[in-house]
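The values are calculated or read from the model by the stated rules, or taken from the named source; none is laboratory data. Nothing here was measured: the structure is a model prediction, and the numbers come from that model. Using ideal geometry, Cβ is built from the backbone for each residue, glycine included, and neighbour counts are taken over all protein chains shown. Side chains are part of the model used for accessible areas, which takes the heavy atoms of the whole protein and leaves out ligands, DNA and RNA. Shrake-Rupley method; radii C 1.70, N 1.55, O 1.52, S 1.80 Å.
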2 protein chains.
Amino acid sequence: MLRPPSPALLDSLASLLGPRGFSREAEAMEPWLGDWRGRYRGRAAALLSPATAAEVQAIVGRCAEAMVALVPQGGNTSMVGGATPDVEGGALLVSLRRMNSVRSVSAEDNVAVAEAGAILSDLHEAAAAAGRRFPLSLGAKGSATVGGLVSTNAGGTQVLRFGPMRSLVLGLEAVLPDGSLFEGLSALRKDNRGYDLKQLLIGAEGTLGIVTAASLKLVAAPGSHSVAWVGLGSPAAALALLRRLEARLGEAVESFELVPEDALALVLAGIPGTRPPLAASHRWHVLVESVAPESGRDAVDALQEALAEALGEGLAQDAVVAASEAQAAALWRLRESIAEAERVQGPSVKHDVSVPVSAMPAFIEQARAAVETRFDGARVVAFGHLGDGNVHFNVQPPAGATAEAWLAEQAGAVTRLVHDLVGEAGGSISAEHGIGQSKLAELARTADPTRLAALRAIKSALDPAGIMNPGKLLPSV
Amino acid sequence: MLRPPSPALLDSLASLLGPRGFSREAEAMEPWLGDWRGRYRGRAAALLSPATAAEVQAIVGRCAEAMVALVPQGGNTSMVGGATPDVEGGALLVSLRRMNSVRSVSAEDNVAVAEAGAILSDLHEAAAAAGRRFPLSLGAKGSATVGGLVSTNAGGTQVLRFGPMRSLVLGLEAVLPDGSLFEGLSALRKDNRGYDLKQLLIGAEGTLGIVTAASLKLVAAPGSHSVAWVGLGSPAAALALLRRLEARLGEAVESFELVPEDALALVLAGIPGTRPPLAASHRWHVLVESVAPESGRDAVDALQEALAEALGEGLAQDAVVAASEAQAAALWRLRESIAEAERVQGPSVKHDVSVPVSAMPAFIEQARAAVETRFDGARVVAFGHLGDGNVHFNVQPPAGATAEAWLAEQAGAVTRLVHDLVGEAGGSISAEHGIGQSKLAELARTADPTRLAALRAIKSALDPAGIMNPGKLLPSV
């Protein structure tokens, strides 16, 4: 059983970490006790902010002995309450934010080594300064940290070409639940010395240890890039267009984001300074980004030509290719503002699901129909990363209803219906956001018992006392 | 403690599997009791050849109960004795070779589902028939199986662009050590439902379960490809050339294989029908393969131009680009025949090591000097995948020595020296071949105790009786 920290343990941690690294003040802790979406609020006995891996080791070692729970935290941008402690108040928050340096960037090795608290946009800049690129980006890049991105196996808008965080982690340094240090930063492209321990830590949401640093894969900065907005008739047409562009342009297609007419309408109505990208209206839209290497044809020319061909073949109804960086940014803003535009509309039931890519067009249309039929007046906004089979499937309360009351009554049933449809399509109830605390019940309801048993066996083997981020990722038995 | 199978267990397995799936005949078992390199020979109580995952489940379930060891086997092409049973004779060989179908190929999803016993070259053909490509290849492609490739996280000649097997496995079906079936074939591009169990099975060498099928990533077939042979002065020059080509051609560079002058000489002397690729002699050589998408510039033109530029800048001394498929194949044959040419020379001490890519040029030169200085007359042949930091570092006995006697006396010391140098460079003693039985002692000697403890905890958690491929991958305590 976990225990609250004793005064003696707190004293020893305070003297270990010093005043910058230890706080019990309500004001200092307050911003970190709630989640980004405002759905959870917990308590903690103290906020620990170690400055080195050795300090993290000492924290974990002492807490393992004392059976005290630890909740690791990076930028605190979890969509699923993954970094929020419970309300008991016996846990210690471990913020990695002080460990925020990008230790090295090697253009020759195409590797950056960054501490867990390094912020994604700082990593982008450090890579760019060396003529390289870290090819993962997402809306929260200004606050999301490397440790959090690793621990949640973050996705984002370039997964189509470069894969999620898992594809970009070449090495990890982490403190295991007994306080020992796993020193796996050496960035080897090939290493077959037994089970790949770092793969377990990636996406473990801090339940198997605390990531303190990562070696990350960089790629060449592209010679040119191009962003286009396309209007078309259906998700199936969008997928056909993607395959056509891939055949023409190879792996140059980096992003392929699907946006329905009503999501675009929400953005245009709710976000100041946005303008319709195309002259006419279309039921579905796609944002495409492609790149070209230094010696290749210019990316704008190549994408323009490929889209012209697709229009000629009837694969799309209309398209515009950005003629400037400002236009490209404006197109991206339409896509990236959807979540904000939805928030303006009020709360909704959100789902972050994936299905096999070829199943996604039918899934979107059928699940939308099923939800809108069963929940009268509810409105589905489904958008996302078509090339990854990942759709953010959000359900808004009926226009006339009191949102909170409707959600309190219906959200659970809506989610079960959506997830059941996902299961029938062979999909996942968490494509990129993880389980955290908000999806525990649905994971317990839908997961293969064999898999769940194996995950529990791994958790018990590595964290027998259960001190690492309890109440997250694994449903209790 | 493991036990030999009882007559009752053998009877029950015989009746489960029928005559095609069960044999105790010496002649049937004989080819599968020794390893490909001829270094190990074991014994087995029976050869089991299940035809379905359900049969594998029944085998594993019964053997878990009876504490009987199982040794899974695919094409039996392990370089490290990973699929050879011990000499006690109490283990059962489980051949997956009857489960050899490519169940499906989806060009739309870019996914193939193949059973564990499917042979790599058959998978290549099935993908090609659908206009796609499975981008992993290696010398043993005519016998290596999907299950073995997964279980060893195989590498090969296209890792530079596409990564090892781990990067290409989208889903797995496997029988866990308690006989339960992990059904993870759904090929999702994104799935964050807790620890990624398939990552543990990849590279586990059959010690955590038996892979029965895999969903594998396919890519677009290239529009054109090009193969070149380059002569240059040093490994450092080769790495500079690689970075130059990557900057010019983007990710189009798929293979970048480093060959020293003496390895090429061995091939030209020992392999019939081979011819020198360049007019003059050079200390080092590189084989480059690059591709281009359908709409890109032809790969031959692009590579020719990039190499001409590199020659002009003094990055290389000479280069030839294959003008036909036959010439391309002849160039590849020079690279792929090195192992065979070495075998003709007699036995050697082989190492399959990796270091960070930028450290590889210095490592090759320094390790070669260190070995040839300390072991008088020994000759180093170091070749391999420069772009991956992976070198096959082989040491031949002195010309005058009796090879067997010299090896018996010196091989251990040679290996310890090479691996110590690898360790100093932050490298791995097994880049792509795995641990099997041949690298157990060196893994025990060189591994980080924290990591080893974690691996043992995982093994005990998932296979408490230790029935899965005992004596492989994990050094005994």
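A single entry from A:Val105, A:Val60, A:Val56, A:Val68 fulfils the requirement of being within 25 Å of the chain's Cα centre (by Cα), closer than 22 Å to A:Ala204 by Cα and of a type in the set (Val, Ile, Thr): A:Val56.
Could you tell me whether A:Ala310 is of a type in the set (Gly, Ala, Ser), under 13 Å from A:Trp229 (Cβ atoms) and more than 10 Å from every other protein chain (Cβ to nearest Cβ)? Break it down stepwise before answering.
Numbers: of a type in the set (Gly, Ala, Ser): yes; under 13 Å from A:Trp229 (Cβ atoms): no; more than 10 Å from every other protein chain (Cβ to nearest Cβ): yes.
Criteria not met by A:Ala310.
Residues that are facing chain B (nearest Cβ under 8 Å) and crowded, with 22+ Cβ neighbours inside 10 Å were ranked within segment A:247-259; the one that is farthest from A:Ser224 (Cα to Cα) is A:Arg248.
Condition first: at pLDDT below 95, under 27 Å from A:Gly163 (Cα atoms) and among the small types (Gly, Ala, Ser). Can you find one or more residues in segment A:454-461 that meet it? No, segment A:454-461 has no match at all.
Scanning segment A:364-379 for residues that are crowded, with 22+ Cβ neighbours inside 10 Å and either at pLDDT below 95 or of a type in the set (D, E, K, R) (or both) gives a single hit, A:Ile364. If the condition is being closer than 18 Å to A:Val175 by Cβ and either within 12 Å of another protein chain (Cβ to nearest Cβ) or more than 23 Å from the chain's Cα centre (by Cα) (or both), then segment A:441-471 contributes A:Ile458, A:Lys459, A:Ala461, A:Leu462, A:Asp463, A:Pro464, A:Ala465, A:Gly466, A:Ile467. A single member of B:Arg37, B:Arg41 is modelled with pLDDT of 95 or more and either farther than 27 Å from B:Pro464 by Cβ or out of contact with any Phe, Trp or Tyr (no Cβ under 7 Å at 6 or more places or on another chain) (or both), and it is B:Arg41.
As a summary of the residue check, B:Arg103 satisfies the conditions (1) under 24 Å from B:Thr52 (Cβ atoms); (2) part of a loop (DSSP other than H, G, I, E, B); (3) basic (Lys, Arg) except for the one numbered (2).
Sort out which residues of segment A:138-155 are surrounded by 22 or more Cβ atoms within 10 Å (Cβ to Cβ) and assigned to a loop (DSSP other than H, G, I, E, B), and write them in order of number.
Across segment A:138-155, the qualifying residues are A:Ala144, A:Thr152, A:Asn153, A:Ala154, A:Gly155.
Restricting segment B:172-208 to residues that are within 19 Å of the chain's Cα centre (by Cα) and not hydrophobic (A, V, I, L, M, F, W, C), the residue that is nearest to the other protein chains (Cβ to nearest Cβ) is B:Gln199. Pairs are defined by a Cβ separation below 6 Å, a sequence spacing of at least 6 or placement on different chains, a first member in segment B:146-171 that is more than 10 Å from chain A (Cβ to nearest Cβ) and closer than 18 Å to A:Lys217 by Cα, and a second member that is of a type in the set (Lys, Arg) and open to solvent by 20 Å² or more (accessible area, probe 1.4 Å); the pairs so defined are B:Leu168/B:Lys217. Would you call A:Asp448 of a type in the set (D, E, K, R) and open to solvent by less than 10 Å² (accessible area, probe 1.4 Å)? No. Once segment A:414-431 is narrowed to residues that are within 13 Å of A:Arg445 (Cα to Cα) and out of contact with any strand residue (DSSP E or B) (no Cβ under 9 Å at 6 or more places or on another chain), the residue that is most open to solvent (accessible area, probe 1.4 Å) is A:Arg416. B:Pro464 passes every criterion in (1) closer than 25 Å to B:Val349 by Cβ; (2) open to solvent by 30 Å² or more (accessible area, probe 1.4 Å); (3) outside any helix (DSSP H, G or I) apart from (1). Only residues that are within 30 Å of A:Pro276 (Cβ to Cβ), open to solvent by 10 Å² or more (accessible area, probe 1.4 Å) and out of contact with any Pro (no Cβ under 9 Å at 6 or more places or on another chain) were counted across segment A:177-232, and they come to 1. Close Cβ contacts (under 6 Å, 6 or more residues apart or on different chains) running from residues in segment A:332-346 that are farther than 17 Å from A:Phe256 by Cα to residues that are in a helix (DSSP H, G or I) comprise A:Ala341/A:Leu266; A:Ala341/A:Val267; A:Ala341/A:Gly270; A:Val344/A:Gly270; A:Gly346/A:Ala403.
Does segment B:285-329 hold any residues that are acidic (Asp, Glu) and surrounded by 23 or more Cβ atoms within 10 Å (Cβ to Cβ), and which are they? Let's see the steps before the verdict.
First, pick out the residues of segment B:285-329 that are acidic (Asp, Glu): B:289, B:294, B:298, B:301, B:305, B:309, B:313, B:318, B:325.
Selection gives B:Glu289 alone.
Each residue in segment A:313-337 was checked for being assigned to a loop (DSSP other than H, G, I, E, B), within 28 Å of the chain's Cα centre (by Cα) and modelled with pLDDT of 95 or more, and 1 pass. Among the candidates A:Ala453, A:Ala457, A:Ala411, the residue that is open to solvent by 10 Å² or more (accessible area, probe 1.4 Å), touching a residue at least 60 places away in the same chain (Cβ under 8 Å), closer than 29 Å to A:Val71 by Cβ and not in a loop (DSSP other than H, G, I, E, B) is uniquely A:Ala411.
Checking segment B:1-15 against the condition returns a match, with at least one residue being open to solvent by less than 60 Å² (accessible area, probe 1.4 Å) and either part of a loop (DSSP other than H, G, I, E, B) or at pLDDT below 95 (or both). Just one of the numbered conditions (1) in a helix (DSSP H, G or I); (2) without any contact (Cβ under 8 Å) to a residue 24 or more places away in the chain; (3) charged (D, E, K, R) is not true of B:Lys198; which one? That leaves (2) as the condition not met.
Residues of segment B:265-299 that are more than 14 Å from chain A (Cβ to nearest Cβ) and either touching a strand residue (DSSP E or B) at 6+ places or on another chain (Cβ under 6 Å) or closer than 30 Å to A:Ala292 by Cβ (or both): B:Pro277, B:Leu278, B:His282, B:Trp284, B:His285, B:Val286, B:Leu287, B:Val288, B:Glu289. Here is the figure for segment B:83-137: residues that are open to solvent by less than 50 Å² (accessible area, probe 1.4 Å), farther than 29 Å from B:Asn469 by Cα and away from every other protein chain (no Cβ under 13 Å) total 2.
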